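Worksheet: the structure to be examined is printed underneath.
The values are calculated or read from the model by the stated rules, or taken from the named source; none is laboratory data. Not measured: the values here are computed from a predicted model. Neighbour counts run over all protein chains shown; Cβ positions are idealised from the backbone, glycine included. Remember, those area values only see protein heavy atoms, side chains included, never the ligands or the DNA or RNA. Shrake-Rupley method; radii C 1.70, N 1.55, O 1.52, S 1.80 Å.
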Amino acid sequence: MACPLRPSRTLLAFLITGSTAGTLLGSGFQLREQSPSAQGNAYAGISAGGTDIGSMFFNVATLTRFEGNQAVLGFSSITPSARLEGGSASRATPLGGSPVSGTAGGDAGRQAVLPVAYALWSASPDLKLGLSLNSPFGLGSEYEANWIGRYHAIKSQITVVEVAPSLAWRVDSRWSLGAAVVARYVDAELTNAVDFGAVGAALRIPGYIPGTQDGAVKVTGKQWKYGYKLGVLFEPTRDLRLGAAYHSRIDFALKGDVHYEGVPAALKAAFQDGGATPRANQPATASLGAAWEVTPGLSLQAEAARTFWSCFQDIRIEFASGQSTSVTEEKWKDTWFLSLGTTWKPNDTWTFRAGLARDQAATSDAYRTPRIPDADRTWLSAGAGYAFSKAFALDLGYSYIFVKDSTLNLKAGSPGNPDFFRGNLSGTYRNRIQVLALQARYSF
């Protein structure tokens with residue numbers, strides 16, 4: 001066995017780092033489902049403007065396409081499934097390398113309802129004021145309490161709320177500009193088990209055996225931060241629109257707490273409840289959309305969006321106790337979302353939509369965790385809208401998202417590795433996602 005460890009703040013930092021990593025990754029888990037009508041197009045061309053003012057989330061400048069006043073209320077029911085198959089777990093070799101007993105974890109995906117709300121007021125034919133309420137990032141997953149990966153993750157619940165007042169101005173018949181101020185709130189809660197038996201054994205405390213004294217840790221945190229959005233819309237002809245937008249990066253330093261349960265008496269000095277400040281970056285995004293009215297009733301759309309996840313290279317956690325900052329490498333990469341769609345409007349009452357998209361994952365096999373077992377995705381989408389009158393309409397959208405099988409291969413390594421006390425964990429994730437979205441829009 002390696003040299004005995006001493007009960008220290010460094011040891012505590014390693015365990016906390018593991019339990020909070022998912023928090024920050026979770027707040028960086030992007031939710032594109034911000035417009036039920038555009039869901040049917042797989043969000044193709046949304047940066048160039050969609051059926052309604054929901055496009056303001058993606059490109060504020062598109063508000064100039066709408067006359068009068070308008071309100072949109074909607075929701076998306078997101079049903080993910082995430083199962084680890086062929087999973088195996090064991091303790092670090094210096095701790096005996098024994099298997100970790102437990103269940104396979106069940107389906108970690110948790111259904112979530114994502115609401116959206118938009119409002120437009122036309123100050124003049126060329127000046128538009130808007131207000132949007134969204135949840136652009138979020139995460140909800142929960143494994144069985146006694147699963148084999150419980151030392152890595154059990155519950156991950158991240159809620160993000162964004163409020164954005166906006167302004168759009170039509171400069172001339174071709175050009176429109178837009179800007180918004182973003183206020184974003186994050187509320188996070190994560191839990192996982194702690195193998196205090198393994199910690200005691202590593203410290204060579206008599207009577208401590210790995211797997212015999214499990215406890216738990218819960219990390220919570222919340223914070224408001226601010227950012228901005230910029231957009232431009234170019235309409236060279238009546239039949240063609242091009243839109244581009246930029247959403248700023250927002251850096252978070254959550255004000256949080258760490259709470260432990262089941263800490264043995266010999267370890268209480270090292271595992272104390274207290275404050276913690278996890279720091280990480282939510283990425284900037286840039287998008288380009290195009291919409292072409294082929295005929296009066298048929299249009300084609302395309303979208304390309306870049307999310308700059310490369311800003312998320314590590315997680316830094318500062319402690320109220322004054323201990324050294326904990327750093328965990330993540331090495332996420334920039335990603336592309338690419339989509340194509342079509343809209344058919346046979347009359348003034350009905351609208352039909354379809355779309356196909358490809359969505360890259362930011363993580364990789366080397367850094368994938370149970371909290372976000374994400375992988376590349378392919379979207380198949382369809383939708384329909386029905387106008388009861390010129391003032392009132394309903395829109396329905398559905399997407400089935402195929403997620404590529406992904407590998408989990410976490411290594412405990414030696415003392416000093418953040419996963420040392422959580423152990424080895426491997427397997428293959430089988431994931432899929434379904435989204436059903438509905439909205440009502442009212443013009444006045």
Q | strands (runs of 3 or more DSSP E) enclosed by the stretch 95-142 - at least 1 residues per element that are within 30 Å of Pro210 (Cα to Cα) and among the small types (Gly, Ala, Ser) | A | 138-142
Q: Please verify whether the stretch 224-247 includes one or more residues that are touching a residue at least 60 places away in the same chain (Cβ under 8 Å), farther than 16 Å from Leu63 by Cα and either in contact with a Ser or Thr (Cβ under 7 Å, 6 or more places away or on another chain) or not in a strand (DSSP E or B) (or both).
A: yes
Q: Sort out which residues of the stretch 191-240 are open to solvent by 50 Å² or more (accessible area, probe 1.4 Å), over 15 Å from Gly262 (Cβ atoms) and charged (D, E, K, R), and write them in order of number.
A: Arg204, Lys222, Lys225, Arg238, Asp239
Q: Could you look through the stretch 390-438, keep only residues that are touching a Gly at 6+ places or on another chain (Cβ under 8 Å) and charged (D, E, K, R), and pick out the one that is modelled with the highest pLDDT?
A: Asp395
Q.
Every residue in the stretch 262-288 that is touching a residue at least 12 places away in the same chain (Cβ under 8 Å) and among the small types (Gly, Ala, Ser), please.
A. Gly262, Ala266, Ala269, Ala270, Gly274, Gly275, Ala276, Ala280, Ala284, Ala286, Ser287
Q) Of these, Ala153, Ala180, which one is closer than 19 Å to Arg65 by Cβ, aliphatic (A, V, I, L, M) and either buried (at least 21 other Cβ atoms within 10 Å of the Cβ) or within 17 Å of the chain's Cα centre (by Cα) (or both)? A) Ala180
Q: Within the stretch 335-354, identify whether any single residue is in contact with a Gly (Cβ under 7 Å, 6 or more places away or on another chain), surrounded by 18 or more Cβ atoms within 10 Å (Cβ to Cβ) and polar (S, T, N, Q), and answer yes or no.
A: yes
Q. Just a yes or no: is a residue in the stretch 406-416 within 20 Å of the chain's Cα centre (by Cα) and either among the charged types (D, E, K, R) or within 25 Å of Ala304 (Cβ to Cβ) (or both)?
A. yes
(Q) Between Gly102, Gly109, Gly97, Gly86, which is over 18 Å from the mean Cα position of the chain (by Cα) and buried (at least 17 other Cβ atoms within 10 Å of the Cβ)? (A) Gly102
**Q.** Neighbours by Cβ (under 8 Å, 6+ apart or cross-chain): first from the stretch 136-156, more than 17 Å from Ala188 (Cα to Cα); second open to solvent by 10 Å² or more (accessible area, probe 1.4 Å) and of a type in the set (S, T, N, Q)
**A.** Glu144/Thr103; Asn146/Thr103; Trp147/Thr103; Ile148/Ser88; Ile148/Ser101; Ile148/Thr103
Q | Condition met for Ala320 (without any contact (Cβ under 8 Å) to a residue 24 or more places away in the chain, of a type in the set (Gly, Ala, Ser) and either open to solvent by 60 Å² or more (accessible area, probe 1.4 Å) or over 27 Å from Arg358 (Cα atoms) (or both)) | A | no
Q. Just a yes or no: is a residue in the stretch 242-256 under 28 Å from Ala145 (Cβ atoms), touching a helix residue (DSSP H, G or I) at 6+ places or on another chain (Cβ under 8 Å) and open to solvent by 40 Å² or more (accessible area, probe 1.4 Å)?
A. no
Q.
I'd like the residue in the stretch 356-380 that is assigned to a loop (DSSP other than H, G, I, E, B) and among the aliphatic types (A, V, I, L, M) and, out of all such residues, is nearest to Gly106 (Cα to Cα).
A. Ala375
